[in-house]
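Here the structure is laid out as structure tokens; the discussion comes afterwards.
Coordinate-derived values only; no laboratory data. In this text the structure is predicted, and so the values were computed from the model without any measurement. Heads up, the Cβs are rebuilt from the backbone with ideal geometry, glycines too, and the neighbour counts pull from every protein chain shown.
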Amino acid sequence: MELCFHCGEECLDETILYSEKTFCCSGCKTVFEILNSNDLTYYYDLEKNPGISPKIREGKYDYLENSEIMGKLLEFDHGTTQIVSFDIPSIHCSSCIWILENLHKLHKGIKSSQVDFPKKKIRLSFSSEEISLKNLVLLLCRIGYEPNISLDNYEERESNVDRSLIYKLGVAGFAFGNIMFLSFPEYFEINEFWLDQFKHLFRWLMFSFSLPVVFYSGRDYFTSAYKGLRSGILNIDVPIALGILVLFLRSTAEIVLDLGTGFFDSLSGLVFFLLLGKFFQQKTYSFLSFERDYKSYFPIAVTRVSTEAGKITEEQIQVYKIQKGDRIIIRNEELIPMDAILIKGDASIDYSFVTGEAEPVAKVSGEKLFAGGRQQGGIIEIEALKPVKQSYLTQLWSDEVFSKDKNSAFQNLTNKISKRFTYAVLSIAVLSAIFWMFYDASKAWNVFTAVLIIACPCAIALAAPFTLGNMLRIFGKNQLYLKDTNIIEQTANIDTVVFDKTGTITANDKSRIEYEGLELTEEEKSLLGGSLRASNHPLSRSLYNILDKNNISTPEDFTEHTGLGLETSYRDLNLKIGSSTFMNSSEILVPERPAEKKNEKTSVHISSNNQYKGCFSFHNSYREGLSELFKELSTDRQLIILSGDNDGERERLSRLVPEGTRMYFDQKPGDKLQFIKELQKQGNKVMMVGDGLNDAGALAQSDVGIVISEDINVFSPACDGILDAKRFRDLGSFFKLSERSIKVIKLSFLLSLCYNLIGLTFAVSGNLMPVVAAILMPLSSISIVIFTTLATQFLSKKLKN
Amino acid sequence: MNIIYLLLAISVIVAIIFFIAFIVSVKKGQYDDVYTPSVRMLFDDELVKTDPENKQPLNKVKSN
């Protein structure tokens with residue numbers, strides 16, 4: 001099998017030879033032609049088969065001529081300079097960067113372009129006099145880089161990135177380094193002449209460096225501790241804030257009263273390490289978004305037709321402006337943005353997005369269509385029943401779960417331990433202060449503050465960020481992308497896993513097709529192929545894909561009966577292909593089939609010259625390793641399958657999954673959400689594994705919502721994590737790893753407690769020197785970081801393939 | 001030893017200059033995309049090949 005020179009796919013249907021290279025389709029060839037004629041073939045030298053096969057639909061971008069929509073998309077628009085940014089999901093290699101940054105060679109209207117590879121974004125500066133926005137987008141489409149323009153782009157952009165953590169880290173690091181230098185002489189040299197001369201200057205310099213550390217870098221700890229105390233929670237930030245405060249006050253008192261050098265070095269080091277932990281935890285996958293709602297899927301504009309004085313006019317209109325009663329045109333592959341009634345055309349609506357139903361539904365004019373359906377086939381005309389925001393699908397987003405912050409309710413392990421820890425530290429401090437009060441009252445204050453300083457739980461606060469931050473990266477390398485580190489802790493607590501069926505445990509594209517009945521003759525087969533090729537129905541397409549493509553005869557007569565099937569003939573052969581109703585209506589006897597088979601959702605029957613031949617049945621094909629995964633998970637969790645589909649697959653499914661797996665069918669999006677709520681009310685910790693918008697409510701309601709995605713660049717609904725479908729089998733390992741990470745954190749707590757005990761013996765006995773604090777504190781932090789890194793690396797070895 | 005006042009002043013000023021440079025570069029978004037520039041800088045040499053006037057070398061490279 002030859003590979004396409006452009007996109008690297010196998011050349012299946014046809015092979016095009018052009019300038020000694022093979023191409024899988026004319027689209028790929030055209031891209032090569034464009035690049036070749038513009039001397040941009042370096043594209044192919046950079047990476048092997050870097051291209052993407054272009055798909056252009058006629059009229060798709062007509063709305064870009066609408067000046068209002070254009071105005072919303074353009075970032076800058078003045079005179080001959082326009083700037084626009086696009087998301088291009090198909091950016092994937094260095095060739096992509098190169099070609100997109102050399103766009104100005106393709107069209108002189110483009111001034112410059114810059115790619116942001118991690119975000120898969122391009123920023124283009126062009127002159128609208130030379131190239132219109134629409135033509136610019138079409139140019140991108142023609143070379144295979146179709147930008148993704150959705151309703152999301154229409155909303156106000158929030159361009160301000162939060163970089164405050166980097167600033168805080170920078171300030172703390174800067175002060176930490178300088179204070180270390182300044183405090184170093186006093187660590188060892190005591191009573192040296194020159195040092196005595198300068199030490200006051202050094203100390204006041206250190207004091208001034210520590211001011212921004214306490215009041216700027218460490219600010220979050222104070223506010224978080226205050227918030228925690230006010231709501232009656234002793235979170236980990238309480239002892240940290242206490243430690244920072246005591247460090248600062250005691251050090252200041254020491255240099256004011258000329259008692260010693262203070263602990264400014266430990267103070268800035270502490271804040272620096274803590275912020276480093278926060279920074280490490282903050283791993284983001286900038287090319288993914290976990291906060292999508294329907295807006296990312298919906299088109300920005302649609303075509304409205306209006307009849308005025310007998311004249312039909314088509315215009316592009318922003319979807320929010322659609323009013324009840326507007327007539328809209330929906331083309332092949334386009335999404336219906338609001339509830340509507342079909343007026344004209346053959347509608348075959350794919351609702352997989354909304355309901356999880358895998359097969360498209362045929363509709364005739366007068367029937368109701370729901371928002372979120374995707375038209376497959378020809379052009380249809382519909383009449384809007386409701387504006388976009390009031391449609392059935394979009395209303396799901398008005399449910400309160402979408403505005404609730406899941407994380408606020410979750411108390412993580414660190415905060416759980418910090419309560420006991422804070423009580424212990426405070427009582428040790430008070431007890432030892434009381435002891436010293438009687439023994440040597442001058443040292444009591446000293447000991448009290450020293451205990452609070454040395455017990456500041458820096459290492460404890462670092463254990464979770466580094467363990468979970470590492471895990472997050474390891475998961476990311478294995479194609480499970482999680483929103484934040486809390487998800488790992490929550491995953492370890494899950495006791496109920498709920499799966500969606502279509503698209504989640506079944507593979508979307510590959511349905512298994514079986515033929516049953518009398519064998520077809522060669523003539524019948526070749527006519528079948530030819531007829532299917534001519535039909536646009538999705539079932540015909542998938543059936544055509546599995547047939548032998550050699551020696552196909554083109555039908556002489558061909559009629560498509562919408563919702564029923566095809567009638568086609570060639571010479572003296574007449575074939576009827578379609579549903580059993582179609583067979584019955586032509587008075588062809590369809591043999592009685594066993595009940596189990598009858599339940600199966602989809603089958604295509606064939607008759608030749610009014611003689612019944614047999615039928616192709618479509619099965620869902622389940623993902624590889626489904627049985628093994630369910631068996632693995634069912635040992636200590638309950639499993640539930642929640643499907644929007646009918647129960648045709650119940651029996652086959654129950655043979656695959658372990659006993660005790662509950663199954664529910666015909667679940668609407670709202671039902672799924674309620675179902676998860678009920679489970680949680682019973683005290684279960686629920687993970688929802690889903691894929692489409694129909695699961696969006698359930699994903700948001702569950703404790704952990706994971707989306708299975710065939711292509712992670714394609715959008716998925718709001719969730720806590722996105723798992724590449726290829727790694728579906730590894731879901732069990734992810735559970736195990738999450739549980740083990742919690743063990744690692746607990747071990748690190750133990751380790752840091754040991755350090756604390758050593759420090760406390762110094763503090764309680766009343767001889768905590770600044771140099772001891774300055775050594776002990778970073779030492780404990782660094783050893784925790786090393787321990788957690790090694791432990792997580794060791795654990796993840798099992799996952800690597 | 002009074003020179004130490006001057007030295008301290010200089011060292012602190014130099015440190016602050018670099019610190020400000022860091023803040024400015026973060027603010028300008030230089031750290032927002034740390035991957036693409038590393039790829040982009042490898043292209044520059046090759047651009048010569050795609051110059052419209054040098055069609056010959058371009059074809060040679062391809063046949064290699």
If amide hydrogens are placed 1.01 Å from N in the peptide plane, which non-local residues have theirs closer than 5 Å to the one on A:I343?
A:G366, A:E381, A:I382, A:E383
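Return the calculated 222 nm mean residue ellipticity for chain A, to the nearest 500 deg cm²/dmol, obtained by summing -39500 (n - 2.57) across DSSP H runs with n ≥ 4 and dividing by the residue count.
Values: 26 runs with 340 residues, N = 801.
Only helices count here, giving -13500 deg cm²/dmol.
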Modelled label-to-label distance, A:N493 and A:Q323, 7 Å Cα→beta-carbon offset: nm?
5.1 nm
Mean per-residue count of partner chain Cβ within 10 Å for A:176-182 equals 2
Most exposed first by the Cβ proxy, i.e. fewest other Cβ within 10 Å, how do A:H78, A:H605 rank?
A:H78, A:H605
Given the range A:62-154 reduced to its alpha-carbon atoms as identical point scatterers, what log10 I(q)/I(0) does the Debye formula return at q = 0.14, 0.20, 0.23 Å⁻¹?
-0.45, -0.95, -1.28
By how many nm would the segment from A:L518 to A:S125 grow when fully extended, if each residue of separation counts as 0.36 nm and the alpha-carbon distance is taken off?
135.2 nm
Residues of B:19-29, mean number of Cβ from any other protein chain within 10 Å of their own Cβ, rounded to a whole number?
3
Considering only Cα-Cα distances, which of the following residue pairs are longer than 21 Å: A:K119/A:K168; A:K48/A:K134; A:K311/A:K386; A:K743/A:K797; A:K72/B:K28?
A:K119/A:K168; A:K48/A:K134; A:K311/A:K386; A:K72/B:K28
Past 31 Å, Cα to Cα, is the threshold; run A:K668/A:K726; A:K344/A:K613; A:K477/A:K501 against it and keep the listed order.
A:K344/A:K613
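Take the Cβ-Cβ distance between B:F18 and A:W194 as r, set R0 to 25 Å, and report the resulting FRET efficiency rounded to the nearest 0.05.
Working: r = 28 Å, r/R0 = 1.11.
The computed FRET efficiency comes out at 0.35.
Tell me, A:L737, A:L288 in order of fewest to most beta-carbon neighbours within 10 Å? Spell out each step's value before the answer.
Numbers: A:L737 23, A:L288 20.
Listed from fewest to most nearby Cβ atoms, that is A:L288, A:L737.
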Gain in span if fully extended, A:H78 to A:D636, counting 0.36 nm per residue against the direct Cα distance
194.6 nm
Once label points are set 7 Å from the Cα along Cα→Cβ at both A:Y187 and A:V771, what is their separation, rounded to one decimal in nm?
0.8 nm
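Using DSSP to call loops (not H, G, I, E or B), can you name the GluC sites (Glu not before Pro) in the range A:667-741 whose Cβ has at most 16 other Cβ atoms within 10 angstrom? Please list the in-between numbers first.
Numbers: sites: A:E678, A:E710, A:E739; in loops: A:E710.
When the GluC sites (Glu not before Pro) of the range A:667-741 are filtered for loop state and at most 16 Cβ neighbours within 10 Å, A:E710 remain.
Are there DSSP H segments in chain A that both extend 20 Å or more along their axis (alpha-carbon positions) and score a mean Kyte-Doolittle hydropathy of at least 0.0? List them, or say none.
Details: long enough: A:164-188 (37 Å, 1.05); A:193-212 (31 Å, 0.37); A:237-256 (28 Å, 1.64); A:264-281 (26 Å, 1.33); A:413-439 (39 Å, 0.96); A:458-477 (29 Å, 1.13); A:731-764 (49 Å, 1.11); A:770-796 (39 Å, 1.73).
Taking the DSSP H segments of chain A (at least 20 Å long, mean hydropathy at least 0.0), we get A:164-188, A:193-212, A:237-256, A:264-281, A:413-439, A:458-477, A:731-764, A:770-796.
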Between A:V256 and A:E739, what is the label-point separation in nm under the 7 Å Cα-to-beta-carbon projection?
5.5 nm
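By how many nm would the segment from A:Y216 to A:H92 grow when fully extended, if each residue of separation counts as 0.36 nm and the alpha-carbon distance is taken off? Walk me through the numbers before you get to the answer.
Numbers: separation 124, 0.36 × 124 = 44.64 nm, distance 3.97 nm.
So the extension gain works out to 40.7 nm.
Under the rule a/c < 1.5 gives rounded, and otherwise a/b versus b/c splits prolate from oblate, where does the range A:624-702 land using the Cα gyration tensor?
Details: a/c = 1.82, a/b = 1.26, b/c = 1.45.
Taking the square roots of the gyration eigenvalues as a ≥ b ≥ c, the range A:624-702 is oblate.
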